Amino acid sequence: MRGIRKEFPGVVANDEVSFEVRRGEVHALLGENGAGKSTLMNILYGLYRPDGGEIRLNGKPVSFSSAREAINAGIGMVHQHFMLIPVMTVAENVVLGTEPVREGVLLDERAAARRVADMAKTFNFAVDPEALVEDISVGQQQRVEIMKALYRNADVLILDEPTAVLTPQEASDLFDILQTLRQEGMSIIFISHKLNEVLEIADRITVLRRGKTIETVSRHGATEASLARAMVGRDVLLRVDKPQAATGDVLLTVQDLHVRDDRGIEKVRGVSLDVRAGEIVGIAGVDGNGQSELIDALTGLQKIESGAVTIAGRELSHASARAALDAGIGHIPEDRQRRGLVLEFSIAENIALHDYAKPPTARSGWLFPGRMVQRAKTLIKEFDVRGGGPLTRAGGLSGGNQQKLVVAREIDRDPKVLIAAQPTRGLDVGAIEYLHRRLVAERDEGRAILLISLELEEILSLSDRILVLFEGEIVGEHTGEVSEETIGLEMLGGGEKAVA
Ligand SMILES: Nc1ncnc2c1ncn2[C@@H]1O[C@H](COP(=O)(O)OP(=O)(O)OP(=O)(O)O)[C@@H](O)[C@H]1O
Ligand SMILES: [Mg+2]
């Protein structure tokens with residue numbers, strides 16, 4: 001890709017970007033939130049038309065006006081938000097749109113299913129072709145997306161933040177798959193904000209900053225610090241500096257909580273915990289051990305089976321989401337697109353989402369749009385939301401900037417208790433540095449913060465106290481120094497309490 005330019009109203013997303021990928025290499029694309037990574041890849045995949053520049057494939061100029069044309073030319077892309085059909089099987093999803101049909105009837109479903117099964121075996125995908133997509137894990141769904149691309153004979157595979165939603169084990173399985181594909185001569189473009197992963201898997205690394213190519217370097221000789229500096233344009237503090245906590249009253253109490261998931265399976269099994277003003281309590285655990293159900297129960301999104309939840313002395317066990325918010329809960333949800341934002345609404349409207357009916361935004365039934373816009377302006381600046389102003393549609397923001405928007409709103413609501421679930425998912429290193437500092441500052445303002453994160457490093461560096469959740473129960477509690485190994489063992493159910 002040479003001299004690629006792409007403008008959106010008010011933003012130059014790609015400004016003369018040059019980028020090249022060799023056969024059989026993993027090439028990482030790095031850059032801050034809004035730097036233009038997804039835009040560049042959407043151009044390569046035929047979803048956006050560039051305003052300038054050229055694309056050459058095997059030396060020949062190409063131009064795609066649809067994804068179908070890019071696919072036919074051998075380009076595959078796995079988006080961060082998967083595009084599978086949940087009620088169809090793995091095999092059906094893989095062949096969808098390519099099946100041999102005559103007069104609208106699928107010709108040989110069996111042959112298609114066999115081909116998918118063969119492929120799953122060859123590449124060691126460990127996915128059952130007959131399983132329904134809605135029944136398999138996120139990591140397996142991602143493999144289905146990769147199989148879709150392989151089935152269409154892709155030889156350039158684009159992965160946009162593939163590990164953001166994976167557990168460390170799933171990520172390591174994905175890397176094994178990528179190694180195999182690389183050996184087969186496939187070219188892989190890998191977007192990630194996790195610098196350690198980039199250094200592990202990439203042969204070369206290209207850094208974008210504010211729409212421009214900064215440099216392309218070999219993995220050899222690159223360090224996390226050098227990459228962070230190239231991305232952000234300054235040195236980044238990769239560790240959190242945190243003074244001793246000064247704790248106050250208990251603001252969140254959970255007593256013997258039991259919660260079932262949508263299918264009636266008990267996912268939270270007798271959790272008791274409390275969080276004081278001025279402390280960050282981190283919940284460590286492998287994905288799927290009851291974190292989501294615990295969060296949903298605390299925020300009124302899922303009804304509880306038994307037990308009690310109290311916020312600042314107020315019992316809220318069976319409260320609605322609205323009542324939980326009014327009682328002083330702030331919630332940074334794990335899925336920003338489903339639960340954090342209305343993508344069709346503007347930034348200002350999204351910020352006013354919970355409190356639009358209250359002063360100062362409204363009074364006696366009258367809405368004051370000017371105040372909404374003013375508030376949005378202030379928060380955009382404070383939280384460095386890039387890519388637009390108060391009236392920009394939230395859906396037009398880059399993934400990381402959408403996340404910053406949710407965080408800004410929830411902190412600005414001045415909650416007593418802040419429930420932060422995967423708060424740095426999709427954020428660049430500079431934004432993570434800011435958010436981590438900000439969470440510590442909010443703690444020191446006297447908020448009670450419950451941090452739920454799959455990133456053990458994040459839990460270890462931010463928490464004043466760590467609870468380990470395993471199969472819906474708290475199996476460990478730690479204050480002060482504790483090793484990653486100890487927590488890791490407990491996360492897998494091998495701690496002292498579980499053994500005893
Ligand atoms: N469909 C769109 N409409 C309007 N603006 C857009 C659109 N897509 C991207 N942009 C803007 O282009 C810029 C680059 O966005 P892009 O999604 O490429 O960033 P990114 O590097 O992928 O960031 P992130 O790490 O947050 O995913 C941003 O300022 C974004 O707001
Ligand atoms: Mg992106």
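Below is a table of values for the structure above.
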{"item": "Flag for Gly387 being surrounded by 18 or more Cβ atoms within 10 Å (Cβ to Cβ), in contact (Cβ under 8 Å) with a residue 12 or more places away in the chain, more than 23 Å from Glu279 (Cβ to Cβ) and under 18 Å from the mean Cα position of the chain (by Cα)", "result": "no"}
{"item": "Condition met for Gly52 (among the small types (Gly, Ala, Ser), in contact with a Phe, Trp or Tyr (Cβ under 7 Å, 6 or more places away or on another chain), farther than 22 Å from Ile201 by Cα and away from ligand 2 (no atom under 16 Å from the Cβ))", "result": "no"}
{"item": "Residue check, Gly3 assigned to a strand (DSSP E or B), more than 16 Å from ligand 1 (Cβ to nearest atom) and surrounded by 13 or more Cβ atoms within 10 Å (Cβ to Cβ)", "result": "yes"}
{"item": "Any pair with Cβ under 6 angstrom, 6 or more apart, that starts in the stretch 409-431 at a residue that is closer than 21 Å to Gly34 by Cβ and ends at one that is at pLDDT below 90", "result": "Gln422/Glu334; Arg425/Ala164; Gly426/Ala164; Gly426/Gly399; Val429/Val236; Gly430/Val236"}
{"item": "Extreme residue, most open to solvent (accessible area, probe 1.4 Å), among residues of the stretch 407-460 that are within 16 Å of ligand 2 (Cβ to nearest atom) and part of a helix (DSSP H, G or I)", "result": "Ile432"}
{"item": "Matching residues in the stretch 19-61 - criterion: being charged (D, E, K, R) and over 27 Å from the mean Cα position of the chain (by Cα)", "result": "Arg22, Arg23, Asp51, Glu54, Arg56, Lys60"}
{"item": "Answer from Gly446, Gly426 - the residue that is modelled with pLDDT of 90 or more, assigned by TED's automatic domain parsing to the domain that holds Val275 and among the small types (Gly, Ala, Ser)", "result": "Gly446"}
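Let's see how each residue does on (1) more than 19 Å from Leu451 (Cβ to Cβ); (2) surrounded by 21 or more Cβ atoms within 10 Å (Cβ to Cβ); (3) touching a His at 6+ places or on another chain (Cβ under 7 Å); (4) not small (Gly, Ala, Ser):
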| residue | (1), (2), (3), (4) |
| --- | --- |
| Leu301 | no, no, no, yes |
| Glu305 | yes, no, yes, yes |
| Glu315 | yes, no, no, yes |
| His318 | yes, no, no, yes |
| Ala321 | yes, no, no, no |
| Ile329 | no, yes, no, yes |
| Pro333 | no, yes, no, yes |
| Gln337 | yes, no, yes, yes |
| Gly340 | no, yes, no, no |
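The values are calculated or read from the model by the stated rules, or taken from the named source; none is laboratory data. Remember, predicted model here, so these are calculated numbers, not experimental data. Don't worry about glycine lacking a Cβ; one is built from the backbone with ideal geometry, like all the others, and counts go over all protein chains shown. Surface accessibility is based on the protein's heavy atoms, side chains included, excluding ligands, DNA and RNA. Shrake-Rupley method; radii C 1.70, N 1.55, O 1.52, S 1.80 Å.
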